[in-house]
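Undergrad: Pasting a structure here, questions to come.
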Ligand SMILES: Nc1ncnc2c1ncn2[C@@H]1O[C@H](COP(=O)(O)OP(=O)(O)OP(=O)(O)O)[C@@H](O)[C@H]1O
Ligand SMILES: [Mg+2]
C-alpha cells in the first residue's frame, strides 16, 4: 500500500543544464523506504548522492519521475505547500550543523515549529534535548558547544516535529571518530526506539555500517546494496561488526576502481 512507505522515488532523474554541457546527476532512481528504517547512501564523489538527497527531501525538483513522502506526492507541489511540508514532516542534518549562532540551543530546536507557524512546544524541546543528552544546555548558544554537541542540537531540531523522515548529508563529516560514533549511536537509537526513518549520505564505511541497508550510487544510478545482518540488528547501541564495515569498504573500493561510462567518455 502506497501510504506504508516513508519515502518513494519512482523513475527519478535529475539533469543539470542542457545540450552538450548537460550533467545527468540522477539517471532513474526507483526506491521505497519503510517507516522506521535506517538507510545509508554511498558512492564516489559526483555520483549523485547529494542530488538524490535533495530530490528525495523536496529541496530540489527532479527533471522527471515522482517522489512521495509519507504517502504524499510532492512532485509538482506548489512551492509554499512544499515548504510547509518540509518544515513539519522532514528533518535535516547537515555536515556543517547549520545552527543559528544568535539563538540559544532551545530556540534553535524549536525553530522548525516557529517557521511552520506553530507555538514553540518547550516541553517537546526539553524531551528531544534530553534524548540527545543536552538537557542542561538549553540556554547556551551554539558557539559555546563542541562540534559533537552542536550536531546533537541539529539532531534534536530534526526530530522535534516527529518528521516522516530525517535526511542527513555527511552528518559526521566534520567530527572526530569518537564524537562521530556518538552521533551515529543517537541516529540508530532514534530509529530503534522512536521509530524514526533516517536516510544518511556518508563516504565513511564505519558510519554507513550503522544503517540497516547501504545503497551504492554510481554515475546517477543505484547499482548495489548491502544489508546489515539480521542477527546484529537488535544489539541495542552496539557498534556494527568490523566484518560488516570491511564488506562495505570493499564494495566501495570496487566502485571507485571500476571503469564507468562517464569515465570513458571524459
Ligand atoms: N547545481 C548544479 N549545477 C550543475 N551541476 C551540478 C549541480 N549540482 C551537482 N551537479 C553535478 O551533478 C553531479 C552529482 O553531484 P552531487 O553533488 O549529487 O554528487 P555527490 O555524490 O554528492 O558528490 P560528493 O561526494 O562530492 O559530495 C556532479 O557531476 C555534479 O558536478
Ligand atoms: Mg555531496
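Undergrad: Could you state the per residue volume, in Å³, of the convex hull enclosing the Cα atoms of the chain?
TA: In the chain, the Cα hull volume divided by residue count equals 137 Å³.
Undergrad: Then there is this: What does DSSP give for the chain in terms of the percent of beta bridges that are antiparallel, rounded to the nearest 5?
TA: 55 percent
Undergrad: Quick one: if you stick a label point 7 Å off each Cα along the C-beta vector at residue 162 and residue 83, how many nm between them?
TA: 2.6 nm
Undergrad: Per-residue ellipticity at 222 nm for the chain, helices alone: DSSP H runs ≥ 4 residues times -39500 (n - 2.57), over residue total, nearest 500 deg cm²/dmol?
TA: -11000 deg cm²/dmol
Undergrad: Most fluctuating residue of 171, 101, 44 in a GNM of the chain with Cα springs under 10 Å: which is it?
TA: Highest fluctuation among the options: 101.
Undergrad: Helix 105-115 versus the longest principal axis of the chain: what angle, 0 to 90°, nearest 10, using Cα atoms?
TA: It works out to around 70 degrees.
Undergrad: Compute the acute angle (0 to 90°) between the alpha-carbon long axis of helix 177-194 and the principal axis of greatest extent of the alpha-carbon atoms of the chain; round to the nearest 10°.
TA: So the inclination is approximately 80 degrees.
Undergrad: Round to the nearest 10 and give me the degree value, 0 to 90, for the angle of helix 79-89's Cα axis relative to the longest principal axis of the chain.
TA: Roughly 60 degrees, rounded to the nearest 10.
Undergrad: Testing the spin-label approximation: label points 7 Å from Cα along Cα→Cβ at residue 16 and residue 227. State their distance in nm.
TA: Reported label-point gap for residue 16 and residue 227 is 3.4 nm.
Undergrad: So what is Rg over Rh here for the range 1-130, counting just Cα atoms and using Kirkwood for Rh? It would help to have the intermediate numbers written out before the result.
TA: Details: Rg = 16.8 Å, Rh = 16.6 Å.
Ratio of gyration radius to Kirkwood radius: 1.01.
Undergrad: Is the shape of the range 25-72 rounded, prolate or oblate, going by the alpha carbon gyration tensor and its root eigenvalues a ≥ b ≥ c, with a/c under 1.5 for rounded and a/b larger than b/c for prolate? The partial results should precede the final answer.
TA: Details: a/c = 1.94, a/b = 1.19, b/c = 1.63.
It is oblate, given that a/c is not under 1.5 and a/b is not larger than b/c.
Undergrad: Just 20, 34, 89 to compare: in a GNM of the chain, with alpha carbon springs under 10 Å, which one fluctuates most?
TA: Of the options given, 20 has the highest mean-square fluctuation.
Undergrad: GNM on the chain, C-alpha springs below 10 Å: top fluctuator among 172, 39, 83?
TA: 83
FYI, it's all coordinate maths here, none of it is from the lab. Here the structure is a predicted model, which means the values were calculated and not measured. No Cβ is skipped: glycine too gets one built from the backbone with ideal geometry, and neighbour counts run over all protein chains shown.
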